[in-house]
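Worksheet: the structure to be examined is printed underneath.
Taken together, the values in this text are just the output of simple stated rules run on the coordinates, not laboratory data. This one's a predicted model, so the numbers in the text were calculated from it and none came from an experiment. Neighbour counts are summed over all protein chains in view; Cβ atoms, including those assigned to glycine, are modelled from backbone coordinates with ideal geometry.
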Amino acid sequence: MELNPKSLPVCQPSWFATYECQRTMVCCQAPWRVVVLDGEQQAMDTRLATVDAPPELRARLASGVVTRGNSRLLKQPGGACSLLDRSERACSLHASGGLAALTLACRNFPRSVVELPTGVEIGFTTGCPTVTAMLNAASGPFELVAAAATGYPPRIRVGDELELVRGRSMALADLFSRRAFWWQWLGAVDTTDALATVLATAYRSPTTRVVPDGDGDRGLAAARIRLSTAQLELATSVLATLPSRGHYRAELRRTWRALKPREASDPTWDPSLVQVAARLMAVGVQLAAVHDGRTFAAGLRAAAQRVVLTLDLAHRFAAEFDQPVADTWPDAVMVGSNLVAPT
C-alpha cells in the first residue's frame with residue numbers, strides 16, 4: 001500500500017483535525033465488517049514476522065479470515081473481531097505490529113482517504129462515536145484545511161472529472177464550487193424551517209446553485225422523506241446481530257422493531273438539533289461523489305435522507321426512553337450512519 005507516492009498535499013475537515021482514537025471498540029464489532037483485500041493477509045503476517053510477534057497471534061491471523069461470497073472478511077465470533085484483545089481494549093495486530101500490520105480498512109478507519117489530482121483528501125465517517133462527539137462540539141463553517149502527511153494510504157483515486165448526475169460529468173472545479181455553495185448555505189441554517197428547506201432542496205434539487213426564496217414549502221412536508229420498508233428491514237437485521245453491550249444497546253434494537261414506515265408529515269424537530277443536523281449534512285456534502293462512489297446528486301440525496309432519518313430516530317428514542325433529545329442524538333447518528341439511504 002503506497003501512502004502518498006506523489007507527495008501530494010493533504011487536507012481534512014477542520015472539525016476533525018485533532019481526531020485521536022478513543023478506543024470505543026465500535027469499529028471492531030458488528031455491524032462493521034473488515035474486508036481483507038488480496039495480498040493483505042500475507043502482508044500482515046510478514047509484518048508480524050519481522051517484529052517477532054507471538055506465534056499464537058500469527059496463528060489467530062491465519063485462521064481469522066472467512067470467505068463470504070466474493071469477499072474475504074475478518075471473523076467476528078460473538079459479534080467482535082477475533083483479533084480484538086477485549087481485556088486491553090486494543091487490537092492485537094496493532095499492538096504487535098503497528099499500523100503496518102493492519103488491513104487498509106482498519107488502518108484508515110474512521111477516515112475515508114481519496115487521492116485527487118489536486119491532493120489527498122480525508123473524510124470522516126460518523127459511524128465512529130468519537131467523530132460524532134467532535135461533530136457535536138464543532139463550531140464555525142465546514143472547511144478543508146491542510147494536514148500533515150499521514151500514514152493512511154488512499155483507498156481510491158479520482159480523476160479530473162466526476163459524475164454530477166448519471167451520464168453527466170463535472171470537472172473538479174465545478175465540484176469544489178458546488179460544495180462551497182452547500183457548505184455556505186448549511187452554515188447559515190439556524191431554524192427548523194431553514195433546516196427542513198435545505199434538506200428538502202438537497203433531496204429534490206441536488207444540482208441547484210440557488211437558495212429558494214422565502215421559506216420554501218410552507219408545510220415542509222417534502223423534508224420528511226419517508227423511511228422506506230427496505231431501510232427498516234436493513235436496520236432490523238443489522239441491529240439484531242449486535243451484542244447487548246456497547247454503543248448499540250439492546251433497548252435500541254427493541255425500539256427499532258416498533259418503528260414503522262410513515263407518510264410525509266410536518267417535521268417537529270427540536271430546535272436544539274438544528275445546527276448539529278446541519279453539520280451532519282455538511283459532512284455528507286464532502287463525501288458525495290468523491291468518497292461514496294455515487295453521483296454528486298445521488299450523494300446529496302442520500303445525505304439528506306440520512307439526516308432526516310437521524311432526526312426521526314433521535315426524537316423517537318427520546319420519547320421511548322424519556323430522555324432529552326440531545327442525549328439520544330449520538331445513538332441516532334450511529335444507527336443512521338450504518339444505513340445506506342435509497343435514492
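The table below lists the values:
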read-out	value
Residue list for segment 87-117, restricted to those being in contact (Cβ under 8 Å) with a residue 60 or more places away in the chain and more than 20 Å from the chain's Cα centre (by Cα)	Arg89, Ala90, Cys91
Test: residue in segment 96-104 that is farther than 26 Å from Trp269 by Cβ, part of a loop (DSSP other than H, G, I, E, B) and not β-branched (Val, Ile, Thr)	yes
Search result, residues across segment 296-311 that are closer than 11 Å to Ala277 by Cα and out of contact with any Gly (no Cβ under 8 Å at 6 or more places or on another chain)	Val308, Leu311
